[in-house]
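Chemist: Quick one: this structure, given as structure tokens, is what I'll be asking you about.
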Amino acid sequence: MAVDFNHTILSARNSETSAKFLAEMLGLPAPRHWGPFQMVTTENGANLDYMDTDGEITPQHYAFLISEAEFDEIFGRIRERNLPYWADPSRTQLGEINHHDGGRGVYFEDPNGHLLEIITRQYGSGGWNP
Ligand SMILES: [Fe+2]
């Protein structure tokens, strides 16, 4: 039986702006509107569905596996926009990236405070185990 992760919902103050931000930062196709969602689709066909809320937003965490070349592009956009970034999920290492598993990784936030992460190596693929 094949089980593929298909979609998740991200609460947003402005789903349109938020989805556009995510798609632009990751270099993905423009978001599509479907029902109450602004959907961003990753290369493996999973959807991140932004939905508007006026209520409290609990920050969630979303990580994306990318190539070294894509890291250069995305990290370049993070710096162009002067976004804060961190090497760690606790956000103690401001302005740094990590090199876990012999790759590169960095954390930054979407407009709602959701913690986004890009990594070039799957967790543990190079023996890193915190
Ligand atoms: Fe993570």
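Chemist: Looking at segment 108-124, which of its residues are under 14 Å from the mean Cα position of the chain (by Cα) and closer than 14 Å to residue 65 by Cβ? Spell out the reasoning first.
Modeler: Initial filter on segment 108-124 (under 14 Å from the mean Cα position of the chain (by Cα)): 108-120.
Selection gives 116, 117, 118, 119, 120.
Chemist: Next question, about the same structure. Just the residues that are in a loop (DSSP other than H, G, I, E, B) and more than 13 Å from the ligand (Cβ to nearest atom), please, taken from segment 86-102. It would help to see each step written out before you state the result.
Modeler: Filtering segment 86-102 down to residues in a loop (DSSP other than H, G, I, E, B) leaves 87-93, 95-97, 99.
Selection gives 92, 93, 95, 96, 97, 99.
Chemist: Is it the case, given these coordinates, that residue 127 is more than 14 Å from the chain's Cα centre (by Cα) and either part of a loop (DSSP other than H, G, I, E, B) or away from the ligand (no atom under 13 Å from the Cβ) (or both)? Break it down stepwise before answering.
Modeler: On the way: more than 14 Å from the chain's Cα centre (by Cα): yes; either part of a loop (DSSP other than H, G, I, E, B) or away from the ligand (no atom under 13 Å from the Cβ) (or both): yes.
Yes: the conditions hold for residue 127.
Chemist: It is to be established whether one or more residues within segment 46-66 are away from the ligand (no atom under 16 Å from the Cβ), of a type outside the set (A, V, I, L, M) and within 28 Å of residue 128 (Cα to Cα).
Modeler: In the first step, residues of segment 46-66 are kept if they are away from the ligand (no atom under 16 Å from the Cβ); the result is 47, 49-58.
Then keep just the ones that are of a type outside the set (A, V, I, L, M); that gives 47, 49-50, 52-56, 58.
Narrowing further to those that are within 28 Å of residue 128 (Cα to Cα): none.
No; the residues of segment 46-66 include none that is away from the ligand (no atom under 16 Å from the Cβ), of a type outside the set (A, V, I, L, M) and within 28 Å of residue 128 (Cα to Cα).
Chemist: I would also like to ask the following. Considering only residues that are assigned to a loop (DSSP other than H, G, I, E, B) and polar (S, T, N, Q), look in segment 32-56 and name the one that is surrounded by the fewest Cβ atoms within 10 Å (Cβ to Cβ). Outline the logic, then answer.
Modeler: So the first thing to find is which residues in segment 32-56 are assigned to a loop (DSSP other than H, G, I, E, B), and the list is 35-36, 42-46, 53-56.
Adding the requirement that they be polar (S, T, N, Q) leaves 42, 44, 53.
Working: 42: 17, 44: 8, 53: 14.
By that ranking, first place goes to 44.
Chemist: Using the structure shown, decide if residue 75 is closer than 23 Å to residue 101 by Cβ, assigned to a helix (DSSP H, G or I), touching a residue at least 12 places away in the same chain (Cβ under 8 Å) and touching a strand residue (DSSP E or B) at 6+ places or on another chain (Cβ under 8 Å). Outline the logic, then answer.
Modeler: Details: closer than 23 Å to residue 101 by Cβ: yes; assigned to a helix (DSSP H, G or I): yes; touching a residue at least 12 places away in the same chain (Cβ under 8 Å): yes; touching a strand residue (DSSP E or B) at 6+ places or on another chain (Cβ under 8 Å): yes.
Spelling it out, residue 75 is indeed closer than 23 Å to residue 101 by Cβ, assigned to a helix (DSSP H, G or I), touching a residue at least 12 places away in the same chain (Cβ under 8 Å) and touching a strand residue (DSSP E or B) at 6+ places or on another chain (Cβ under 8 Å).
Chemist: Quick check on segment 105-115: of everything there that is touching a Phe, Trp or Tyr at 6+ places or on another chain (Cβ under 7 Å) and over 11 Å from residue 88 (Cα atoms), which residue is farthest from the ligand (Cβ to nearest atom)?
Modeler: Of segment 105-115, the ones touching a Phe, Trp or Tyr at 6+ places or on another chain (Cβ under 7 Å) are 106-108, 110-111, 114-115.
Checking the rest, the ones that are also over 11 Å from residue 88 (Cα atoms) come to 110-111, 114.
Numbers: 110: 14, 111: 19, 114: 12 Å.
Here the residue is 111.
No value in this document is a laboratory result; all are computed from the given coordinates. Owing to the predicted nature of the structure, the values given are computational and were not obtained by experimental measurement. So basically every Cβ, Gly included, is an ideal-geometry build from the backbone, and we count neighbours across all protein chains shown.
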